[in-house]
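Data first, discussion second: the structure below is written as structure tokens.
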Amino acid sequence: MALSSLLDADRTWMQKAFREAERAFDADEVPVGAVIVHDGRVVGRGHNLVEQLGDPTAHAEIMAVTAACDTLGRKFLHDCTLYVTLEPCPMCAGALVHARLKRLVFGAYDEKAGAVDTLFRIGQDERLNHQIEVVGGLESDRASSMLRAFFRAKRG
């Protein structure tokens, strides 16, 4: 696939991740959304549900991985791409390595907890048994704006 058509496809799928982030925002959750794509279709989606479920592991990426594994009937996502609006944290980056995700495309960089490019590079660490192709910063302005609006509203 040509680079420009891959970027167009990435933007299209990222729009679906933003829809999930909007669902989180509307539910008073930190607005992070994720979708997992396999063979041109969404096989898993999720948004933050930490507050609603009272579960610190209920991040968008974890919800999407669980849904994708359920949809595909397997534990490995070696031929899938995850689109997420915020750079994954250490927990999520570790889960993506364990799920053997092929490719990760994220929006905003996370200066406080980013674990695939900002603070750590868990997905590319050659000491681990799997590495992930990572594309960062796609639609980062939109993702950052959504997060800022959420936290501004929370602070009143």
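Here is how the numbers come out for the structure above:
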read-out	value
Extension reserve of the S5-D125 stretch, reckoned as 0.36 nm per residue once the Cα distance is removed	40.4 nm
Order by protection proxy (mean Cβ within 10 Å, highest first), peptides 67-75, 29-37, 102-110, 14-22	29-37, 102-110, 14-22, 67-75
Placed amide H near D79: partners under 5 Å, 5+ positions off or other chain	K102
Cα gyration tensor, the chain - rounded (a/c under 1.5), prolate or oblate	rounded
Set of lysines with alpha-carbon distance to K16 below 20 Å, sequence-local pairs under 8 removed	K102
Surface share of carbon and sulfur [accessible, 1.4 angstrom probe, percent] for the chain	52 percent
³J(HN,Hα) computed for each position of region 109-126 - Karplus, 6.51 cos²θ - 1.76 cosθ + 1.60, integer Hz, glycine/proline x	6, 10, 5, 9, 9, x, 10, 10, 8, 6, 8, 9, 10, 4, x, 10, 5, 5
Separation between Cα centres of region 65-92 and region 8-24, rounded to whole Å	15 Å
Highest-first arrangement of 81-92, 129-140, 113-124, where packing means the average Cβ count within 10 Å	81-92, 113-124, 129-140
Stretch gain in nm, segment A113-R19, where the contour uses 0.36 nm per residue and the Cα spacing is subtracted	31.6 nm
Inter-site label distance for D70 and D141 at 7 Å from Cα along Cβ, in nm	3.7 nm
Karplus-derived 3J(HN,Hα), 6.51/-1.76/1.60, for each residue of region 83-96, Hz, glycine and proline x	10, 9, 6, 9, 3, x, 7, x, 4, 5, 4, x, 5, 5
Degrees, to the nearest 10: 140-155 long Cα axis against longest axis of the chain	30 degrees
Rounded accessible area per residue of region 3-154, 1.4 Å, Å²	50 Å²
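The values are calculated or read from the model by the stated rules, or taken from the named source; none is laboratory data. Predicted model, so just to flag it, every value in this text is computed and none were measured. Methodologically, a virtual Cβ is constructed for each residue, glycine included, from the backbone with ideal geometry; neighbour enumeration extends over all protein chains shown. Heads up: the accessible areas ignore ligands, DNA and RNA and are worked out on the full protein's heavy atoms, side chains in. Shrake-Rupley method; radii C 1.70, N 1.55, O 1.52, S 1.80 Å.
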